[in-house]
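Structure record follows, encoded as structure tokens.
The values are calculated or read from the model by the stated rules, or taken from the named source; none is laboratory data. Please read all numbers here as calculations on a predicted model, not as lab measurements. Note that we place each Cβ from the backbone using ideal geometry, even for glycine, and neighbour counts take in every protein chain shown.
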Amino acid sequence: MPRLLAALLTLVYLAVLVRTAWLSDDAAITLRTVMNVTHGFGLTFNVAERVQTFTHPLWLLVLTAGYMLTRHLYLVTFAASVGVSLSVFWLVVTRAASASQAALAVVALLFSRAFVDFSTSGLENPLVSLLLIGLVVLFLNERMERSRWLARLWTLGSLLYLARPDAVLLAVPMLGVASWQVRRPSTIARAFFMGTAPAWAWTLFATLYYGFPLPNTAYAKLAMGIPAHALWTQGALYFVDSIDRDPLTLTTVAFALVAAAAARRTAPRVLAAGIVLYLLYVMSIGGDFMAGRFFSVPLVASVLLLTRLMAAPRALWIPAAGVLALVGCTATHVPLWSNSRFSDSNAKPNGVIDERAVYFHDKSLVLARRVTFRDPEWPRAGTRPQRMNVLPACGLMGSSGLDFGPYAYLLDECALADPLLARLPAVFNPEWRTGHYRRMIPAGYRDSVEKSDNELQDPSLHEYYDHLRLIIRSDRLWSTARLKAIVAMNLGRYDHLIDRTYYRHGGSVVGIETLARLAPDGTPGNAEGTFELKAPLAITCPDKRGRRYLEVSLEADDRYFVMLLRKGRIESTLDLGPIPEYRRRPGLTTYVVDVPPNARAHGFDTIVVAPASGDGHHALGGLLLEGASGMDARIYRDVAVRDGMAR
């Protein structure tokens, strides 16, 4: 494509960026760290403790350096995002193998909501795309001396890891094939250790400074306790959501994968393998709550594959570009048409939202007022207040953090920024939402962070927090006690101090022996001996297969879900109540039910009784389970009565 035409198209893309530019709340979380580190508080989010709340150290470095040069936080963020995005667009278009393939690249990039939305936002997507382009271009270089070539590939892979750790999956097949092509073990080892030195250096620094090699967000997601099958299901819904909102993006990705499978060359297949690996990872973690966020980089990789790595006649690429343009025009909001009137209801039950629509009114360039992006006032580090101003939050962490300044402690109930809550399982919630896994706040924890002390009432968790506080709050980074605690914590030697069942169910846990009696039908729900259900109640029982029956006493005029779980996975769900008004009596009523086939076959170790709807007062009058309550004779008699076999 002629350079002058490419320049014109890049200017068109710049106009699109200005019309769609916005700032996400997740980016503002990083910006709080930028403000802290440049004002003497260290690489922190809450200044009282060292916690890595960002997943992109290289992007943080870019923003920090820019802020130190200009002292304009938002200007630097938008300038970095737009500048890197323009570089990505220019490189993809100008390095296409032919003018017709360049046309396809222009259509795919300009019509993709995922690519355009996250070309700004303040997140690391543009930097990851730029590094990936460099990696692909270098991988195709056949002239460079092989040992130097391999070392540079590993270096770019290392930088990709620092820009976004999971993005390195896109590069793994390329790095593997490149190493195999060199074949000399000594050369491979030297290239690997030289190239990955930046990643190792950061990991060592993070381990010594923060106490952990990975971001706090990683530990929050590892400990959340949601079964893998549920995450895969939610991940599939994330893909479906993209096809609904932004059909061009995954259509282009699929087209690239099909083209690579039909190609006879190694390079397209290697890049396609990286795309597939990354997409499988995205699905396995349940996707994201931001529509399209994890698809912008695979789109760039796919466009590179189609326009740089493939050879085909013009007769293919021009119609293909036309088809993609047509598909792109079917999106709800085509990026090319986006302007200040952009809005979206976001009302979807899958938990995925159009994040740009959420923040566009308050954090976009085209709707900005003179004060919208005024830099936050930030004091220099000095004497900290004896008591921190503790603000519970889950969502709007970044905006709140910038608005309230460094001496406000944001207690993140979703655990992305909280080191203790990140080690606790998410509170059981069948309607959980990706990226928002709420934790139970342990008794005394708010007082602990407010007073910079350990006020936890759970003795075991109190001991665990003592070790954690030594790691994240001690001023003596090199003390022997702290270094020993870092090693022990990372090896899981304190994990036994966390009662995962208790915190998984928000402290609402009893053993089944506690409920091994049934209140007579008609007993008032507030009578002595009944359990008032203000939240779901988890009832632990021995894990056993083949159980056939259970009895449960519940308020007759309310609806309940009774979920049977095994190792955190819902095996079966019973939907009980309310009893029809014409035949119910006030108070409690007993439900005699068969254990559903799935739970009977697999067994279960926890029964969760959850209020679903009703008059606002929910009660449990007892629960009997075959083979667990010592009341089998009573259960069999009641089953016989229910089935008309006894009176």
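The conditions are (1) in a loop (DSSP other than H, G, I, E, B); (2) modelled with pLDDT under 95, and E450 fails exactly one of them. Which is it?
(1)
Restricting the first residue to region 186-197 and requiring it to be within 14 Å of R146 (Cα to Cα), which pairs with a second residue that is surrounded by fewer than 18 Cβ atoms within 10 Å (Cβ to Cβ) and among the basic types (K, R) meet a Cβ separation below 8 Å and a spacing of at least six or different chains?
Within 8 Å, the pairs are T187/R146.
Please go through region 38-70 and pick out each residue that is surrounded by fewer than 20 Cβ atoms within 10 Å (Cβ to Cβ), over 25 Å from the mean Cα position of the chain (by Cα) and outside any loop (DSSP other than H, G, I, E, B).
A65, G66, M68, L69, T70
This table checks each residue for (1) outside the structural domain of S553 (by TED's automatic domain parsing); (2) at pLDDT 95 or above; (3) in contact with a strand residue (DSSP E or B) (Cβ under 6 Å, 6 or more places away or on another chain).
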site: I570; (1), (2), (3): no, no, yes
site: L574; (1), (2), (3): no, yes, yes
site: G577; (1), (2), (3): no, no, yes
site: R583; (1), (2), (3): no, no, no
site: T590; (1), (2), (3): no, yes, yes
site: G603; (1), (2), (3): no, yes, yes
site: T606; (1), (2), (3): no, yes, yes
site: S613; (1), (2), (3): no, no, yes
site: G621; (1), (2), (3): no, yes, yes
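Within region 81-91, can you find the residues that are surrounded by 24 or more Cβ atoms within 10 Å (Cβ to Cβ) and under 14 Å from R3 (Cα atoms)?
Selection gives F89 alone.
Those residues that are of a type in the set (S, T, Y), within 19 Å of L162 (Cα to Cα) and in contact with a Lys or Arg (Cβ under 9 Å, 6 or more places away or on another chain), I need them from region 15-61; list them, please.
Passing the criteria: T44, T53, T55.
Name the one entry in A6, A79, A97 that is among the small types (G, A, S), touching a Gly at 6+ places or on another chain (Cβ under 8 Å) and within 22 Å of F115 (Cβ to Cβ).
From the options A6, A79, A97, the qualifying one is A79.
Has region 18-30 got any residue that is over 25 Å from the mean Cα position of the chain (by Cα), surrounded by fewer than 23 Cβ atoms within 10 Å (Cβ to Cβ) and in a helix (DSSP H, G or I)?
Scanning region 18-30 turns up at least one residue that is over 25 Å from the mean Cα position of the chain (by Cα), surrounded by fewer than 23 Cβ atoms within 10 Å (Cβ to Cβ) and in a helix (DSSP H, G or I).
Do you know which of the residues in region 625-640 that are of a type outside the set (K, R) and not in a loop (DSSP other than H, G, I, E, B) is farthest from L518 (Cα to Cα)?
A640
Which one of these is crowded, with 19+ Cβ neighbours inside 10 Å and within 27 Å of the chain's Cα centre (by Cα): S364, S343?
S364
Filter region 587-618 down to the residues that are part of a strand (DSSP E or B) and more than 35 Å from the chain's Cα centre (by Cα) and list them by number.
L588, T589, T590, Y591, V592, V593, D594
Which of the numbered conditions does T217 fail, given that it passes all the others? Conditions: (1) buried (at least 16 other Cβ atoms within 10 Å of the Cβ); (2) assigned by TED's automatic domain parsing to the domain that holds S81.
(2)
Out of curiosity, is S158 hydroxyl-bearing (S, T, Y), in contact (Cβ under 8 Å) with a residue 60 or more places away in the chain, surrounded by 18 or more Cβ atoms within 10 Å (Cβ to Cβ) and not in a loop (DSSP other than H, G, I, E, B)?
no
Which one of these is under 37 Å from the mean Cα position of the chain (by Cα), among the small types (G, A, S) and farther than 25 Å from A640 by Cα: G568, G529, G525?
G568
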